[in-house]
Structure formats: C-alpha cells, structure tokens
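Each remark here refers to the structure printed beneath this line.
The values are calculated or read from the model by the stated rules, or taken from the named source; none is laboratory data. As the structure is a prediction and not an experimental result, all values here were calculated from the model. Neighbour counts are summed over all protein chains in view; Cβ atoms, including those assigned to glycine, are modelled from backbone coordinates with ideal geometry.
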Amino acid sequence: MTQATLLFGIGAAKAGTTWLYRYLAAHPQVRLPAVKELHYFDTCETGKFDRQRNRMERECARRVERLPTGDVRLDRRLKREVAGYQGWLDVIRAGQNDAGYVDYLTRGADTARVVGDITPAYATLAEASLSRMAALAPVTRFVFLMRDPLDRLWSNIRMAATRRGGALADTAAMLLDKVVEGRDRTLTDRSDYAGTLARLNAAVDPAKVFTAFYETLFQPDTLARLCGFLGIAERPANTEARVHVGEELNMTEAQRARALAWLAPQYEAVASRMGPLPARWTDNMEALA
C-alpha cells in the first residue's frame, strides 16, 4: 500500500465530524472517499454486513435517482458519490475484508500524504477493534472530537427525533427519557466520552491520537495543530460554515437538569484527562455543583 498516513476519524457524533471531513477532503494532500462514513469496523463487530450492504445500496440508489439535476457541479458530486458507494459495496460483499478496506482507501491516492475514514460510530468500538485499526498500516492516526456533553446529546436527540417524524418536542422528550433510563443503547454509547477515551488510551499510542473540542475546532490554532499532527500543510478554512445544524428546539429546565445529572460522569472524566475545558463545558459543570 502507499505509505500515506491512515487516518481514522472516530467521532463523536454531532461534534463537527462532517465539517472536518469536508475540510480535509478539500486539502490537496489528503484523499478521503466520497462515502464519508464507511461503518466498516462497527459492522465487523456486529457481523451485520447484510444490513450494512442494504443501507449502502439505498444511499447509492438515492443519488442515482437524483441524476441529472441540471446543476453541473452537483451532478459531478453525485456521480462521484455513486462511484464511491459502488466501489465500497464491492469490498464488503464478502464480509470482513481488511485488505480490501485499505485498498479502497488508498486507490487513486497517488501522492496523498493522508488517506482515511471518518465514521463517528467508531467511538463506540471495543478496545480490540481500535488495536486492530492502529496496526493496519505503517502510520496510523486517530482524531476524536468532543462537544459539550449536553449540547451533543440534545443535538443527537433532535436529529433522531426529526428522522422519526411526528411532533418534534414530544419525540425528543421520549428519546431523552429512554437515554437517561438506560433504554437506548445507541444514544447512550455515543455519549460515553469516558469509555471512548479509556479504550483509546488502552489500545492506541497516545502520540497517535488527536483529541479536540468542537467549541474550539474552528480556531486557526486548533487547525494548525491538527495539520501538524497529520503531517500536512496548514490550510485556511471556512470557519463560519456549519453543517447538519438540525431543527431548533430548546430543552425545558427540568430536561436540562435531568440530562446534566446523567452526564455528570462524562464532564468529570474529560476534565480529569484534558485539563482546561471550553467555557460552554465549565458553565454546565457549574450547574451541577
């Protein structure tokens, strides 16, 4: 394979991973697949390749149905994504295929210094999977973005509620109840910064891990540190752009208090590992006192 650095963007969900993907995909020294989230390693853990293939086939078909749009640039992007999905489906049709995964990421990389896969669900992976990823190429790097736990959880809940349909406030309230009562494993696992950090620390050399906060991600010094970590040239970014913002919905005071109490261990774990936290984090931690 190419000697390019193999990057894993492992989350967290709703913490700026799509913005990061777009920033890096536009960098001339980086080659990322047209499919942002490959979901390879989480599917390896569950073994549910049939479900993942069906999902990818649906995403590919949605893009095919949109063509042509009459917009040359959009058509070019959609065609690139269709080709990306088709190529990825060829890799996972046989199930677990590490060699095919690496080949897919490096195919056409030419002189790229970094290739990679940004899939937020990787934040929930077991230690063994993270160890396997770290050994998959001569040089591997991990990026884990964190957002204020309350803001991240509520953003994730709003997104899930919007997809379900119905009255947004009612559905969001129901999902929050399920989370704090331990009845929604997916949303719970994606809120577990403490678990992700512990598994990363056990499985991966800390020198290979870049952790950053969503609240400071868009600052030039953070991007400079990221580019240095990846061994690529610093590149300016549109730091005003936000993606997948979702529908606005404020929490009630009761919901906020209940969610903060449930998230208290996450604030404590990150504070003990990361030192000074962004103002948004400390404001919410003060509310717990």
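In this structure, does residue 28 turn out to be surrounded by fewer than 17 Cβ atoms within 10 Å (Cβ to Cβ) and within 23 Å of residue 217 (Cα to Cα)?
yes
Go through (1) touching a Ser or Thr at 6+ places or on another chain (Cβ under 7 Å); (2) over 14 Å from residue 149 (Cα atoms); (3) of a type outside the set (Gly, Ala, Ser); (4) modelled with pLDDT of 95 or more one by one and return the number of the condition residue 189 breaks. Residue 189 satisfies all of (1) touching a Ser or Thr at 6+ places or on another chain (Cβ under 7 Å); (2) over 14 Å from residue 149 (Cα atoms); (3) of a type outside the set (Gly, Ala, Ser); (4) modelled with pLDDT of 95 or more except (2). Condition first: hydroxyl-bearing (Ser, Thr, Tyr), modelled with pLDDT under 95 and either closer than 30 Å to residue 158 by Cβ or touching a His at 6+ places or on another chain (Cβ under 9 Å) (or both). Can you find one or more residues in region 245-258 that meet it? No, region 245-258 has no match at all.
Conditions tested, residue by residue: (1) assigned to a helix (DSSP H, G or I); (2) at pLDDT 95 or above; (3) hydrophobic (A, V, I, L, M, F, W, C).
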site: 7; (1), (2), (3): no, yes, yes
site: 11; (1), (2), (3): no, no, no
site: 21; (1), (2), (3): yes, yes, no
site: 24; (1), (2), (3): yes, yes, yes
site: 33; (1), (2), (3): no, yes, no
site: 38; (1), (2), (3): no, yes, yes
site: 52; (1), (2), (3): yes, yes, no
site: 56; (1), (2), (3): yes, yes, yes
site: 61; (1), (2), (3): yes, yes, yes
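Just one residue in the set 259, 269, 237 is touching a residue at least 40 places away in the same chain (Cβ under 8 Å), of a type in the set (Gly, Ala, Ser) and either assigned to a loop (DSSP other than H, G, I, E, B) or in contact with a Cys (Cβ under 7 Å, 6 or more places away or on another chain) (or both); that residue is 237. As an exercise: evaluate residue 224 against (1) more than 23 Å from residue 131 (Cα to Cα); (2) outside any helix (DSSP H, G or I) and give the number of the one condition it does not meet. Of everything listed in (1) more than 23 Å from residue 131 (Cα to Cα); (2) outside any helix (DSSP H, G or I), residue 224 misses just condition (2).
Set side by side, the residues 84, 70 differ, and just one is over 22 Å from the mean Cα position of the chain (by Cα) and either part of a loop (DSSP other than H, G, I, E, B) or in contact (Cβ under 8 Å) with a residue 12 or more places away in the chain (or both), which is 70.
Note on region 193-226: residues that are within 19 Å of residue 18 (Cα to Cα) and over 18 Å from the mean Cα position of the chain (by Cα) total 4. Applying a threshold of 6 Å to beta carbon distances and a minimum spacing of six or more residues, or different chains, the list of pairs starting in region 23-34 at a residue that is in contact (Cβ under 8 Å) with a residue 40 or more places away in the chain and ending at one that is surrounded by fewer than 17 Cβ atoms within 10 Å (Cβ to Cβ) reads 27/235; 31/109; 32/25; 34/80. Residues that are part of a helix (DSSP H, G or I) and either of a type in the set (Val, Ile, Thr) or without any contact (Cβ under 8 Å) to a residue 12 or more places away in the chain (or both) within region 150-173 comprise 157, 162, 163, 164, 170, 171, listed in sequence order. Can residue 222 be described as free of Cβ contacts under 8 Å to residues at least 12 places away in the same chain, in contact with a strand residue (DSSP E or B) (Cβ under 9 Å, 6 or more places away or on another chain) and within 30 Å of residue 116 (Cβ to Cβ)? Taking the combined requirement at face value, the residue satisfies it.
Say whether the condition of being loosely packed, with under 12 Cβ neighbours inside 10 Å, charged (D, E, K, R) and part of a loop (DSSP other than H, G, I, E, B) is met by at least one residue in region 188-210.
Scanning region 188-210 turns up at least one residue that is loosely packed, with under 12 Cβ neighbours inside 10 Å, charged (D, E, K, R) and part of a loop (DSSP other than H, G, I, E, B).
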